[in-house]
Structure formats: C-alpha cells, structure tokens
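Notes follow once the structure below has been shown.
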Amino acid sequence: MSWIPFKIGQPKKQIVPKTVERDFEREYGKLQQLEEQTRRLQKDMKKSTDADLAMSKSAVKISLDLLSNPLCEQDQDFLNMVTALDTAMKRMDAFNQEKVNQIQKTVIEPLKKFGSVFPSLNMAVKRREQALQDYRRLQAKVEKYEEKEKTGPVLAKLHQAREELRPVRDDFEAKNKQLLDEMPRFYNSRLDYFQPSFESLIRAQVVYYSEMHKIFGDLTQQLDQPGCPDEQRERENEARLSELRALSIVADD
Amino acid sequence: MEPADMTNHGDDALSSRTGAPDGDDRLSEDRSLVQQRLAVRELIDTEVSYLHVLQLCASDIRSRLQQLPQGDLDVLFSNIDDIIKVNRRLLHDLQETASREEEQVQLIGNAFLEFQEELEQVYKVYCASYEQALLLVETYRKEPELQREIQGIIEAVLPQAGPSGLSFLLVIPLQRITKYPLLLQKILENTLPDTSAYAVLQRATSALQDVVTNINEYKRRKEVASKYTKVEPLSLRERLARINTHTLSKKTTRLSQLLKQEAGLVPRTEDKEFDDLEERFHWVSLCVTELKSNMAAYLDNLEAFLRFWPQDCNLEIPGGPVVQYCYLARDLQLQAFPEFKQQLEAQVWQPLCSLAKTLAGPQNLIKKRLDKLLDFERVEEKLLEVGSVTYEEEAARHTYQALNSLLVAELPQFNQLAMRWLGQILCTFVTLQRDLAKQVLQRAEDSLAQLPHHHLSEPAFRKLVEDALGQTSHQLHSFQENFEKVLPPPTTQPLLPGAERQVQALLSKYGPGKLYQVTSNVSGAGTLDLTLPRGHIVALLQNKDTKGNSSRWLVDTGGGGHVPLRGQKQP
C-alpha cells in the first residue's frame, strides 16, 4: 500500500492496524514470489524438455542420413555399423519421448494447475483492496459529520452515514480475515504439492539414463571399440589426419 | 638432380690389352679385381664420411643454429635423423662384409637389396621438402647479418662446406642417393659376369636406380598436386588478373569440347575405373559433409539444452526431493554435461572438421582433371586432323595424364582412409554417449537413494504419484474456490415497508435464486433504464439487454426495466 497523502476522503483514524497490514503484505508478498517462481519453473522446464527432444531428434537424423547414403549398398561393414547405430538412436528417441511425457504429466501439468490458483487469489486481494477503499471513504464521511456542530440535520446525516459504514466495514473485515487465513494455508500447501513431482522427475532421469547406458554400452561392444583415454583418441585422430595428409592429392594447409 | 662433384677414384681408361691371351686375361682379371677392390673400398669409405657429415649437421650444426625458429629447422633438416638411422645400419652391414672377402661383393648386393625399400621411403621424404628448404636458404641469404652468423657456425664445424655453406650441406643426402647406382655400377663393371655375385649385384644396381626414379616421380607428383590442390582465396582483383586471353581461350575451347562431347561428336574418353572411383569419392564426401552438418545441429541443440536451468527456481522448500533435484541438476549442469560437450567437440567435431577439409584437395583435382581431359581430347582431335600439336598442347596432355594417374593411384586410398576415420569418429560418438549416461546415472541413482519412495518399483511409484497429484489437485481446486468466494457477504439493507410486500411478490413469482439486491445506487441513463436506490430488491429476468450487452440486465422491480450490471449482487 503506497503512502497516500492525507486529503479529504481519507479517515483520520488508522482503521487497519499497522501489524495487520504488515502481516497481510508479508503473506501476500510470499505468495507473489511463489507465483513468480512457479511460473518461471514451468517455463524453464518446458523449454528444457523441448531442447531435450530436439537433441534426440537430431541424433536420430545423424543415423538416418548415414543409412540413406549409397555407400551402405557397397560396403557391408559400413551398413552393419550404421544399422546398429540407427536402431540405437531410434530406441533412445522413444525412451526420451516417454521421459518427456512423464515429466509433462507429473511436473509441468501440476505446475500449471498450481499456477492457475493465483489469478483467483489476485482477484480476491483486489476485491479486499476495493473494500478497504470503500471502508476508508465511508469512515472519513462519518468523521466529517462527527466533527460538525451537532444540529438536527447533521445528526440525521451522521446516523445515516454510520448505517452505511457498518456493512462496508464488516465486509472488509470478513475479506481480510478470510485472506489472512487462506493465504498461509495455500502457501504451505506447496510443500506437499511439489515433492512428488520432483521425486518423479528424478526417477524419470534414472529410468532414461539406465536405458541409455545399456543401449550405448551394448552398441560400443558390438562396434568392437574399446574405451580409450582421451589422449589416445587425440593421437588416433592425429594419426588419421596425417595418413590423409600424406597423400599428394590432399592439400596442405 | 645432379651428382656432386666428388673426385673419382680409380678407373681411368683401361689400357688396351697386350701380350698373349692367357697371360693377358689373367692380367686383366687381376686388374679388374684390383679395380673391384678399389670400388668396394670407395663405396664403404665414402659411406663412412657421408654418415659423419650427416651426423655433424644433425647434431652440431643444427643445435647451434639457435637464432632460427624450430619450424624452419624442421623444414631445413627434414627427416635427417631417420636418414642417419638407416644409413648407419647400412654401413654396419657393409662393414661386416669386409671379413668375408670371397663373397663380399655378393653380400654388398644383398645388403642394398635389403635396404632398397627403406632408402626409398626415407629419402623420398627428404627430397620432397628440399625445395622448400632451398627457399628458406634464399631468404636467409638476403639478411647479411643472419647469413654471416650461419656461415660462421658451419665453417666452425665443417670448413670444407665452403662459401655456400647451408645449401652445400643440405644437398648432400640427395647427392648420395643418386651416387649409389653409380658406385654399384663401378663394382659391377669389374666383376666377372657369370658369377652369382654378378647377378645379385646387377639386381642391386637396378634396384637403386629404381629408387632414384621413384623419388623423382614422387617429387614430380607432389609438385603437380600442390599446383592444383591449393584452394586460394583470391581477391576480385586477383581473379580478374587471372583472366587473360590465354585462360579465356582455354575456357571457351573447353566449353566447346564439352558441348561436342554432349552432342556425341567426339567420343567421350570413357574410363570406367576412374568413374567408379569418383562416384565412390562423391558418396564419401556426401557422408562426411552430411555427418558434419548433422553433428553441428546436435551440438547446437545440446548448447540450447544447457542454457535452461529449471533448478534455479526458488520455491522456498527446505528439503526433500525438490532440494535433491536441484542439487542433482546443478551438478549435472556444471560438470557432467559440460564435460560431455567438451569431449564431443574435441573428439568428434574437430576431427570431423579436419576430415571435411581434406575433401577439398581431391575435389579440386577431379575438377582440374576434367578440365584437362577436355583439353586433352581437343589435342587428340587436332592431332588427327593436323598431324601435329604445339608444345603447349602436348603439355596439356601430359598434365591430364599426370592428374589421372595420380587420382587413380591415390583416390582408393583416400576413400578407404576417410571411411575408416569416419567409422572411428562415429564409434567415439557412441562411446561418449555411453560415458555420459554412466556419469548421469551414477549421480541420479545417488539422489534416488535418498528419496522417500526409492524402494518402490517404478510402476508402483507412478501409481502413487498419480494418486497424490489427484488429491492435491482437489485441494488446489478448493483453494481456488475459496479465493473466488471472497465476495461481499449479504449486506442486509433495511427495507422500506412497501418494499417488503414487493419482494414477497417477486419471491413467489421468480423464486429466491433470481432475486438480486442493488448494492449501490443506480441511476439510469437511457429512457428504458431504471433508477434504483441501494438496497432495492429486483428479480433477474435476463442478464443481458435486448442488444446482447451483458453489462445491462433486464429486471423486474415490480415494474420492468433495464439496470446496469454494476451494483448487482446475489443475496
């Protein structure tokens, strides 16, 4: 609540105690943070899974294009290698899709549902604010008449103003209380709400990477390539390059 | 290549025979034997001093030439160390033969036959870089200070090098390899023809001659190849400069030749062998370039994937699976995945790029070959018509043939080596995937062990999660409803007496669901709008007006009329 300079229409009495106001702001503030974080999480999670799918698709393209090269018809060994690679990639892609589906179901959807409560909350807070404004206005009116000389007409108006004030004040108090009760409850619900999702997320990774390890482990054995340390691979690559460069038809650069 | 100016020991012209045949024969035999011995002596002695000079160059002189960069030294001295290794062993074997006088010549022949292959390999390399070495020597000569220093160093170690020090030294291996056939020939001339020694030595002599020929051929090929494989980035000006009348006329004649071929006027030189090779090369190129661009896409996607950090969200949840996940994800993002990416780049991407670059040379040569082929055919035509061709036209033919034989000789190797490398790169790709999976799995399984339901099987867990999410979904729904219910509670407005009767009437007519209370004073704007005080009860007939505008409602107040929406709330 911003500081509103005192003007006509504003009550002199502080109608809402500072502590209550502070509590409200604190609770609402936490929820606003949570809203921001859950929205961000949902967005990032979606983008991450999209990128994951894209990666998997481009891996499949690698083997697909190799398989369509005419060399496969000429060279049996090449064909065997590329077919094995293609099978592995396709299987991995299927598992990846499954992983993403699971994440969609157990993480992203729930996040969306959680996030959909916030608009209602924000509306409710706005209505409370509106009620507060009405309360303030009518309170100021009452005070105005209370300060005037107590003549007949003034008294009548004062009575009417008080009558108008009462329901509005009750309304505000009700809203305020309801929100002060519900907001912390909603905030705390996140603890139980998110744990299963994240547990599911971790498990989905385990399932996927177990498959990946098995499939590529089998494939490396099938291709008969022993694992070798990085330096050795580097030397191998340099040796291959030198072999090619040794040919006269290869340009030196 | 020209042989060095080495002093010729022995064999001045034989004086003519004199005297009786038998005695003369024995005399000339003895003379031959003496010459033979001298020739053998020469071979071995010169080998000794040759090796000595080489060693001085390779160690003393090279190590003192500190002011030259290592790259220059590598070009100048090339593979001199390998040459020394081979010649040292050759010398050793030659020296061993000295103890077996009778068979020495034959053993020498055997030794050279044994070393033929190695000598060719090792001198071939030296010879190929010799031209470049000479260019370097020229640049040094242009700097007097440097030249003086170099000269000084050489003179200190090998005074006999003379004023042209460095170039004198560098040419020595070339001189030596061409000298071998001559030295062996000299021994051969003084060996009795019908002996086994003669046969062996003869084979050795021609073998060493072949070595020299092959080295020359290799050098020539490399020159041809380097002329045409260079993919030079030419500026526009350079390109314009290259178009002179000569090249223009070449291009137009090529085009007309190609057209003639297409029209069937000139028989296309069919070379099935080459066409098959070229086709295979084309597929190999396709394989490499496709793989490279697919790999680039994969790496791009990997990079994009690594950009998103869902684990950075802060839900203010102090423990449990949420925190576990954040730790795990951060760990993977900071270590496992970047490592994977690095290894991919170094062991798959970089080699792919290098492999792709090697394609340029053969591609260029194939193109040039076709150009030259068209030239060649035109020359053949002219030969048939006119009976002779110019020198330039002959040169085109030779170039075509050189290119053709070069490609036919080396394309199969290229294809094979390229595919082998490609296969290895693919295998590395697969291995890196497996290693990544292992890394991630280890860490994820650690996290899993700390989860509350880690003992559950996957299907059981999935059921559990589904149920849990269903429950919490209900809970959320109720929260939502609660928030939406933050409405004004029924504000009991004091009713005027007459109004009560009206309300009763409306109540009985429409039922309580349709009754609304005006919450704030409403003043009608149009003619059909109602003006109602706050607290008045009305019955809803329709929640939009006749035009479909839902902000104005049709109500029954006991009379009829429209009321704007704001201010309508259900009791």
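Taking 37 °C and 0.692 mPa s as conditions, segment A:122-165 diffuses translationally at an estimated 290 µm²/s according to Stokes-Einstein applied to its Kirkwood radius (Cα pairs). For the residues of B:363-376, the average number of beta carbons from a partner chain within 10 Å of their own beta carbon is 1.
If you average 1/r over all unlike Cα pairs in chain A and invert the result, what Kirkwood radius do you get in angstrom?
After inverting the pairwise mean of 1/r, the radius is 25.4 Å.
On a per residue basis, the convex hull of the C-alpha atoms belonging to segment B:393-454 measures out at 76 Å³.
More than 19 Å apart: what percent of Cα pairs in segment A:32-148 qualify? Roughly 69 percent, rounded to a whole number. Averaged over peptide B:405-417, the number of partner chain Cβ atoms lying within 10 Å of each residue's Cβ comes to 3. Helices in chain A, meaning DSSP H runs of at least 4 residues, each add -39500 (n - 2.57). Divided by all residues, the mean residue ellipticity at 222 nm is -29500 deg cm²/dmol.
Pairs from the list A:99/B:357; B:85/B:372; A:13/A:113; A:141/B:485 with a Cα-Cα gap above 32 Å: A:99/B:357; B:85/B:372; A:13/A:113. Working from Cα pairs under 8 Å separated by at least six residues, relative contact order for chain A is 28 percent. Here segment B:134-210 and segment B:44-87 have alpha carbon centers that stand 13 Å from each other. Based on Cα atoms of segment B:296-434, Rg over Rh with Rh as the Kirkwood radius reads 1.39. Each residue of segment B:356-366 was assigned a 3J(HN,Hα) from its phi angle through the Karplus curve 6.51 cos²θ - 1.76 cosθ + 1.60 (θ = phi - 60°); the sequence is 4, 5, 5, 5, 4, x, x, 4, 4, 5, 4 Hz, with glycine and proline shown as x. The mean number of partner chain beta-carbon atoms within 10 angstrom of a residue's beta-carbon across peptide B:322-328 is 4.
Highest-first packing order for the peptide set A:88-96, B:140-148 is A:88-96, B:140-148, based on the mean count of other beta carbon atoms within 10 Å. The spacing between segment A:135-196 and segment B:388-402, judged by their C-alpha centroids, is 106 Å.
Rule-based calculations on the coordinates, nothing more; no lab input. Here the structure is a predicted model, which is why all the values come from computation and not from measurement. No Cβ is skipped: glycine too gets one built from the backbone with ideal geometry, and neighbour counts run over all protein chains shown.
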